[in-house]
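*Asks:* Pasting in a structure now, in structure tokens, and then I'll have a few things to ask.
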Amino acid sequence: MKDLGYADLNIPSKPESTVKARVVRALELGYQTVAINTVIHQESLFLKKKTSDKDNALSDFPEPTTVTLSETDYPELANKGLKPTILTRLTLVIKDNDFLIHYNKSNTAKKYDLLGLIPRSSNALQNALKSFRFDILSYDPELEHFHWNRKLYREALEKHVSFELNYAPMITDREHRRKIIALAYNYNFVGKCKGIILSSSAKRPIDLRSPTDVANLCCILSMNECRGREAVMKQCANVHKAALGRKMGVFRVRVDRVVQETTTAAVSAPVTVASVVDKEPEERREGIEVIDCSSSDSSVSAEDSDVENMEED
Amino acid sequence: MVRRKHRYAVVQLERTSSIALPYLDVKPLKASEDDIFKAVKIKLGELHGDYGRAVTTLGMRVKYLNEATRIVVLRARQGEPFKMMASTLPFVTSIGAESIQCTTLYIAGTIRHSLIFLEKRQKRIFKQVLEMFKSDKGQKKYKMSEPELKERILQITKLEM
């Protein structure tokens with residue numbers, strides 16, 4: 001796993017002319033990872049039954065936006081010899097589970113790296129948690145609050161979901177500021193602020209702030225200093241990990257010691273998956289077996305993806 | 001007597017009009033220490049209320065201000081007062097008549113360390129700016145004639161003279 005450094009996982013793609021300016025400004029301020037976000041509402045997807053908005057409706061998800069950068073755009077990172085990582089993210093605003101019909105059909109929706117969700121009611125969230133797997137749970141300050149309780153929070157945490165709070169609406173508007181502070185207080189009461197990430201949803205390059213400043217916002221958002229610093233760095237790396245695990249599907253990996261039957265002294269060579277699989281069947285091999293459970297086995301439960309086993313390699 | 005501890009925050013103020021442009025911003029700030037102090041106090045009152053304002057402004061002071069490089073060193077008492085002040089700095093968007101953005105560069109425990117950090121940073125940036133004065137062939141040419149120097153400065157900073 002690459003070290004991602006400071007990360008800002010929400011830069012909206014909508015004012016399309018300023019996307020590159022915002023990314024360059026974020027890299028200048030000290031971030032190393034950036035994710036470009038496209039937001040799609042459930043009502044704008046095309047349904048055959050509703051003929052009212054036929055012209056405006058989308059038939060398929062849009063392609064992920066890409067940004068080309070040269071070395072002059074990130075001079076501070078280039079001096080250290082590092083390269084920025086740019087991810088793509090899709091956020092869905094949902095009311096009920098009908099969006100799954102479109103999501104499972106389309107191929108462009110699976111090209112995005114991260115997946116976020118904005119539920120409009122607690123029922124929608126509960127239904128989505130049963131059958132759908134996503135990475136980030138976000139909040140739009142223009143929509144209404146819904147009721148959180150400890151059970152819902154813990155259910156979401158178990159499915160490897162992180163909770164997102166945006167700070168750019170706090171800077172521009174006073175009403176939004178109150179709503180986001182209230183939500184952060186709620187998260188503290190309900191779940192001790194576990195698994196929270198902080199990101200901007202900045203529509204202008206002026207609204208971005210440096211990572212130390214964002215970590216200092218923990219005082220207002222009723223978090224510890226520890227959690228404030230984690231929210232910008234460590235938890236974002238966890239989100240990336242969970243997203244990779246979701247894309248890979250269900251795998252089972254077994255690690256064993258390789259014993260080569262040769263006359264010379266047995267030296268255990270460094271084991272790689274490819275080297276074991278390619279060997280002839282005459283040699284006695286107890287090597288690494290990789291079993292892809294997503295295609296064949298129906299006996300395997302589809303709940304866990306053993307990402308932790310993989311990471312211990 | 002127990003020692004009173006403080007924290008010093010080194011903050012850079014950037015103009016919002018010159019953020020997206022690649023040119024150097026050379027115009028000095030037209031603000032005094034009082035203006036900056038007031039702007040931060042007002043935001044503290046909005047965000048943390050009477051308690052926040054009372055607790056932080058007790059030991060708060062502007063210790064160093066350089067209008068040409070737009071750098072400020074703010075002091076506050078260690079612990080809750082400093083946390084409150086640091087959390088309101090991202091929200092300060094205007095000082096006087098200019099719209100401005102604050103970025104914290106460094107947090108120090110003594111004034112001496114904050115000034116040591118500043119010295120290292122200014123030396124690093126000075127080297128970077130000197131590289132902009134290369135001649136067209138790519139050689140580093142620091143001894144230029146007067147009209148050449150004027151032209152190069154106008155190119156880099158886009159001042160209107």
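*Asks:* Ignoring any ligand, DNA or RNA, what whole percent of the accessible area of segment A:1-150 comes from carbon and sulfur when the probe is 1.4 angstrom?
*Replies:* Numbers: 3900 of 8130 Å².
The C+S portion of the solvent-accessible surface of segment A:1-150 is 48 percent.
*Asks:* Solvent-accessible area of B:D34, probe 1.4 Å, all protein chains present, reported in Å² to the nearest ten, please.
*Replies:* The accessible area of B:D34 comes to roughly 100 Å².
*Asks:* Now, a different point. Using every alpha carbon pair in segment A:92-165, what percent of pairs falls into each 10 Å bin from 0 up to the bin containing the largest distance?
*Replies:* So the P(r) values, bin by bin, are 17, 55, 25, 2.
*Asks:* Now for a separate question. To the nearest whole number, what is the average tally of beta carbon atoms from other chains within 10 Å of the beta carbons of peptide B:101-111?
*Replies:* On the way: counts 9, 3, 8, 7, 2, 1, 2, 0, 0, 0, 0.
Mean shielding by partner chains, rounded to a whole number: 3.
*Asks:* Can you give me the P(r) profile for segment B:21-70? Cα pairs, bins 10 angstrom wide beginning at 0, each as a whole percent.
*Replies:* 22, 40, 26, 12, 1
*Asks:* Measuring with a 1.4 Å probe in the full set of protein chains, what accessible area per residue, in whole Å², belongs to segment B:1-66?
*Replies:* I get 61 Å² per residue for segment B:1-66.
*Asks:* How large is Rg over Rh for chain B, taking Rg from the Cα atoms and Rh as the Kirkwood inverse mean of 1/r across Cα pairs? Mind showing how you got there, number by number?
*Replies:* Values: Rg = 19.0 Å, Rh = 17.8 Å.
Result for chain B is an Rg/Rh of 1.07.
*Asks:* Amide H neighbours of B:L105 under 5 Å, counting only residues 5+ apart in sequence or on other chains, H built in-plane at 1.01 Å?
*Replies:* Sorted by chain and number, the residues that satisfy this are B:V10, B:V11, B:Q12.
*Asks:* Considering every residue in B:79-86, what mean count of other chain Cβ atoms within 10 Å of its Cβ is obtained? Spell out each step's value before the answer.
*Replies:* Numbers: counts 0, 1, 0, 2, 6, 3, 2, 7.
That works out to 3 on average.
*Asks:* Based on the alpha carbon coordinates of segment B:66-115, what radius of gyration and maximum Cα-Cα distance (Dmax) apply, in Å?
*Replies:* Rg and Dmax of segment B:66-115, Cα atoms, are 12.0, 32 Å.
*Asks:* Take peptides B:78-87, A:170-179, A:135-144, A:204-213 and line them up by average Cβ neighbours within 10 Å, highest first, as a rough protection proxy.
*Replies:* A:204-213, B:78-87, A:135-144, A:170-179
*Asks:* Sticking with this one: Would you mind giving the mean number of other chain beta-carbons within 10 Å of the Cβ of each residue in A:198-210, as a whole number?
*Replies:* Other-chain Cβ atoms within 10 Å of each residue's Cβ, averaged: 3.
*Asks:* Distance between Cα centroids, segment B:70-134 to segment A:188-229: provide it in whole Å.
*Replies:* 20 Å
*Asks:* How big is the A/B interface in buried accessible area, both sides summed, 1.4 Å probe, to the nearest 100 Å²?
*Replies:* 1800 Å²
The values are calculated or read from the model by the stated rules, or taken from the named source; none is laboratory data. Only a predicted model underlies this, so the values are computations on that prediction, with no experimental measurement involved. Please note: Cβ atoms are built from the backbone with ideal geometry, for glycine as well, and neighbour counts cover all protein chains shown. The protein model used for the area step is the full one, side chains on, heavy atoms only, and it has no ligands, DNA or RNA in it. Shrake-Rupley method; radii C 1.70, N 1.55, O 1.52, S 1.80 Å.
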